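Following: one structure in structure tokens, then a few remarks.
The values are calculated or read from the model by the stated rules, or taken from the named source; none is laboratory data. Nothing here was measured: the structure is a model prediction, and the numbers come from that model. Using ideal geometry, Cβ is built from the backbone for each residue, glycine included, and neighbour counts are taken over all protein chains shown. Accessible surface areas use protein heavy atoms only, side chains included; no ligands, DNA or RNA. Shrake-Rupley method; radii C 1.70, N 1.55, O 1.52, S 1.80 Å.
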Amino acid sequence: MTPIQALRRGASRRVELVPMNPIEQLRAGRLPHRVAQLLVGLVLFGISMALLLHADLGLEPWGVLQYGLIQHIPMSYGLMSIVVSFVVLLLWIPLRQWPGLGTVLNAVVIGLAIDATLAVVPAIEGLGWRIAVMLLAIVGNGVAGAMYIGSQLGPGPRDGLMTGLARRTGRSIRLVRTSLEVTVVVLGFALGGILGVGTVLYALLIGPVVQFFLPVLTVRVQPPATATDGEGAASAQEPAQPSTASAKGSTAGTPA
């Protein structure tokens, strides 16, 4: 089987993205595998963000805001990513959401990987190379997002804000996500953030890339069981109804 055939076969899998609270995430099985995949995905996510910055053709929406902020606050780009992540986590409090292990690691590891990559990767010269690096960064970011989402250890701070707002307001995920990203792009651009063709391509491509790789990279877990009988005592156990992601039906948002 060729790599392309393997990818196509993997993308056709029907996989379960199981709704779980932070404790259930840790008890869902295959934890070493899932933590390892989570960490690799977060490091790759940070590397791809740094490459997108080096391409200098436009950043992803939250990157526009972070870059705009460091024009006024003396801080590295990666450290600003960490600060913004924890500020976003504070917004989870009124939404009554609890961060998982993946949420906390997301807030920290991505920023560290960004700064480490920026420290070792030289500036990229020539428009052709910058375009190639930009496209590589977007695809790499989508693969990384599918890896950490597929580990099923909690959403990133920004993803959790999006889903929490959608749940509390009753609005659609698409509307909430669009509203958030337009807001951070406008604010970031006003502060001096990098807005360009990369921003547009990221918005257009990241969803399909994550959607394609998510079925391949989602780790199967043991769904949490609910145990009830007619009087509320423990009895037969039935698995929670999972959401199913496939190459045709993933609803994953922009990772981060």
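Could you sort E181, E60 by accessible area so the largest value comes first, with the probe set to 1.4 Å?
Most to least solvent-accessible, the answer reads E181, E60.
Among N141, L217, L165, pick out the residue whose Cα is farthest towards the positive end of the charge dipole of the stretch 119-234, where Lys and Arg carry +1 and Asp and Glu carry -1 on C-beta, about the Cα centre.
Projecting each Cα onto the dipole axis, the largest value belongs to L165.
Give me the distance in nm between label points sitting 7 Å out from Cα along the Cα-to-Cβ direction at I73 and I173, one decimal.
Going by the 7 Å Cα→Cβ label model, 2.9 nm.
Given the whole protein assembly as supplied and a 1.4 Å probe, what does the accessible area of S179 come to in Å², nearest 10?
Around 60 Å² of this residue is reachable by solvent.
Please give the per residue accessible area of the stretch 74-188, computed with a probe of 1.4 Å over protein heavy atoms only, in Å².
I get 48 Å² per residue for the stretch 74-188.
Spin-label point model (7 Å from Cα, Cβ direction): what's the V120 to R27 distance in nm?
4.0 nm
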